[in-house]
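The values are calculated or read from the model by the stated rules, or taken from the named source; none is laboratory data. Just so it is clear, the structure is predicted and the values come from calculations on it, not from any experiment. All Cβ positions, glycine included, derive from the backbone under ideal geometry; neighbour counts span all protein chains shown.
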Amino acid sequence: MEKRKGCDVLVVGGGPAGLMAALHAAKAGAETCLVDSRPVPGEKILLSGGGRCNILPLTVDPSAYDTSSSPHTLRKILLSWPLDEVRGFLENAVGLRLIEQKRTGKVYPASGGGEEVRDRFLAALRRSKVRILTRTRVTDIRPFERRRVVVETGPGIVADQVVIASGGLSYPRTGSNGFGFRIAEALGHRIVPPYPALVPLLSGRFEHTALAGISLPVRLEIGDGREKKSGTGDFLFTHRGYSGPVVLNMSHQVTRALVSGKRLAVRVAWLDRVESDWEHELAPSRGTVRGVLKSALPDRLGDRLLEELGLWESTVASLRREDRARLLRSLVAYELPWADSAGYREAEATGGGVTLAEVDSKTMQSRVVPCVYFCGEVLDAVGPIGGYNFLWAFVTGRLAGEGAARVP
Ligand SMILES: Cc1cc2nc3c(=O)[nH]c(=O)nc-3n(C[C@H](O)[C@H](O)[C@H](O)COP(=O)(O)OP(=O)(O)OC[C@H]3O[C@@H](n4cnc5c(N)ncnc54)[C@H](O)[C@@H]3O)c2cc1C
């Protein structure tokens, strides 16, 4: 440690954002170091996409991201590196062969999954002469000291510019434990209160555990009035609650409101049907309500809804008007009995973070402390599943790496 030379650019964190930042800083001619607290950087890359690593989306839609900062700034940052150029860089400079999955709109490495992605990045860094220090936890950044990067053990590291790419709070076992938020705040930045995103919801009704494994398309509506948001996609009952793409993609609405003490209602339209669709099913008015539900919904789900409504035995013809109304509500606006989110341990991403207003959107340089740059999940932006979060990490990583290297 004592013998470490200083570096022009020191990148804290070797996730997708830090790897990209270090590569660009080195390519721009800066003597670059990358430090990571874990034995090998990029642990989240290994877990991503169920091990396959959904590295990019096929198309970019800036409005799919969530931020409390300016959506215009987010858009400007995101579109600063066109998707086909990001892809070209991954293929040519990093050496990955990528394949498209048109059906889902996702891009994956052709072979090797996350491990291939991480290893190719590390090899590219070595080729670019980036010094990689693992098992090195940064504990403080002191802009006015020569050894401005303070590490857990040994003397600090001399660095002219520091890129903070230490991620958010999700999956803390991969090394991201909120360091970036703490240090940014200590340095005088405004942090949008973080919240778990892309996270399953836990059920408050234990009877729903019997529905585990059922998957079906739905429309989800979260919140009321002007705050209402809706989305469609596959919904999955799990042993502990609710998941599937539509729940993951919309869960941040729930968790962000929870941070400010609000509990939002989550309503489900099973099969993404509207009332008139079900009215049509019930119109023949023959047979039992159970029979009608069975013909459309998974058996266990139909039975559960009828049990909750107390309409187990009812025939369609004998349904009283108010029971019919309750039945329809339960089919198109079922109030999901969620108790909580599964929290950061299971959240694939973290919303909130360093406000985009306090970084220069061309370089990711802090407007508060000029020798500091931010990239990746530490910033106030989070995308849906589908490669959007890697894309954000790559785009901001490139800007930060090049920005930090450009300082004379
Ligand atoms: C299970 C799972 C699956 C996912 N799948 C996908 C997917 O398929 N596609 C997609 O686009 N996104 C996916 N994501 C989200 C994506 O992985 C993250 O958005 C992305 O990794 C964030 O990149 P980052 O570089 O900002 O932070 P991270 O990847 O969190 O990296 C931060 C790094 O900083 C290091 N660090 C933290 N604090 C310190 C410190 N004090 N000192 C030194 N080092 C430190 C950590 O060890 C870590 O290596 C997934 C996430 C999870 C958890």
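Here is how the numbers come out for the structure above:
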read-out: Pick from the range 193-210, criterion assigned to a strand (DSSP E or B) and among the aliphatic types (A, V, I, L, M), ranking: surrounded by the fewest Cβ atoms within 10 Å (Cβ to Cβ); value: LEU202
read-out: Residues that are part of a loop (DSSP other than H, G, I, E, B) and either over 12 Å from the mean Cα position of the chain (by Cα) or buried (at least 21 other Cβ atoms within 10 Å of the Cβ) (or both), drawn from the range 162-179; value: ALA165, SER166, GLY167, GLY168, LEU169, SER170, GLY175, SER176, ASN177, GLY178
read-out: Only one of ARG182, ARG87 that is within 13 Å of the ligand (Cβ to nearest atom) and in a helix (DSSP H, G or I); value: ARG182
read-out: Filter pass, VAL107 being touching a residue at least 40 places away in the same chain (Cβ under 8 Å), touching a helix residue (DSSP H, G or I) at 6+ places or on another chain (Cβ under 6 Å) and either in a helix (DSSP H, G or I) or assigned by TED's automatic domain parsing to the domain that holds THR174 (or both); value: no
read-out: Condition met for ARG52 (in the same structural domain as GLY387 (by TED's automatic domain parsing), over 17 Å from the mean Cα position of the chain (by Cα), within 8 Å of the ligand (Cβ to nearest atom) and of a type outside the set (Ser, Thr, Tyr)); value: no
read-out: The range 8-39 - residue that is more than 9 Å from ALA405 (Cβ to Cβ) and surrounded by fewer than 24 Cβ atoms within 10 Å (Cβ to Cβ) and, of those, farthest from the chain's Cα centre (by Cα); value: GLU31
read-out: Among the candidates ARG118, ARG190, ARG137, ARG219, residue that is away from the ligand (no atom under 16 Å from the Cβ), surrounded by 15 or more Cβ atoms within 10 Å (Cβ to Cβ) and within 26 Å of the chain's Cα centre (by Cα); value: ARG219
read-out: Residues (within 19 Å of THR232 (Cβ to Cβ) and more than 16 Å from the ligand (Cβ to nearest atom)) located in the range 193-216; value: LEU201, ILE214, SER215, LEU216
read-out: Which listed residue, of ALA333, ALA342, ALA381, ALA393, is away from the ligand (no atom under 11 Å from the Cβ) and within 15 Å of the chain's Cα centre (by Cα); value: ALA342
read-out: Exclusive hit being outside any loop (DSSP other than H, G, I, E, B) and away from the ligand (no atom under 12 Å from the Cβ), set ILE77, ILE45; value: ILE77
read-out: Count of the range 351-378 residues which are within 8 Å of the ligand (Cβ to nearest atom) and either not assigned by TED's automatic domain parsing to the domain that holds ALA184 or not acidic (Asp, Glu) (or both); value: 3
read-out: Evaluation of LEU297 against (1) surrounded by 20 or more Cβ atoms within 10 Å (Cβ to Cβ); (2) more than 17 Å from VAL199 (Cα to Cα); (3) in contact with a Phe, Trp or Tyr (Cβ under 7 Å, 6 or more places away or on another chain) (one fails), failing number; value: (1)
read-out: The range 151-173 residues that are among the polar types (S, T, N, Q), paired with ones that are within 11 Å of the ligand (Cβ to nearest atom) and in a strand (DSSP E or B) (beta carbon under 9 Å, 6 or more apart); value: GLN161/LEU10; SER166/VAL12; SER166/VAL138; SER170/PRO196; SER170/ALA197; SER170/ALA349; SER170/THR350
read-out: Total residues in the range 150-161, condition in contact with a Ser or Thr (Cβ under 9 Å, 6 or more places away or on another chain) and buried (at least 22 other Cβ atoms within 10 Å of the Cβ); value: 1
read-out: Failed item in (1) closer than 30 Å to ASP160 by Cβ; (2) more than 13 Å from the ligand (Cβ to nearest atom), with PRO71 passing the rest; value: (1)
read-out: Candidates ASP61, ASP84, ASP66 - the one that is within 23 Å of the chain's Cα centre (by Cα) and over 19 Å from LEU379 (Cβ atoms); value: ASP84
read-out: Output for the range 270-322, where each listed residue is touching a residue at least 40 places away in the same chain (Cβ under 8 Å), assigned to a loop (DSSP other than H, G, I, E, B) and basic (Lys, Arg); value: ARG273
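Each row is one residue, and each column tells you yes or no for (1) part of a helix (DSSP H, G or I); (2) buried (at least 16 other Cβ atoms within 10 Å of the Cβ); (3) free of Cβ contacts under 8 Å to residues at least 24 places away in the same chain.
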site: LEU331; (1), (2), (3): yes, yes, no
site: ALA339; (1), (2), (3): no, no, no
site: ARG345; (1), (2), (3): no, no, no
site: GLY352; (1), (2), (3): no, yes, no
site: GLU377; (1), (2), (3): yes, yes, no
site: PRO384; (1), (2), (3): no, yes, no
site: THR396; (1), (2), (3): yes, yes, no
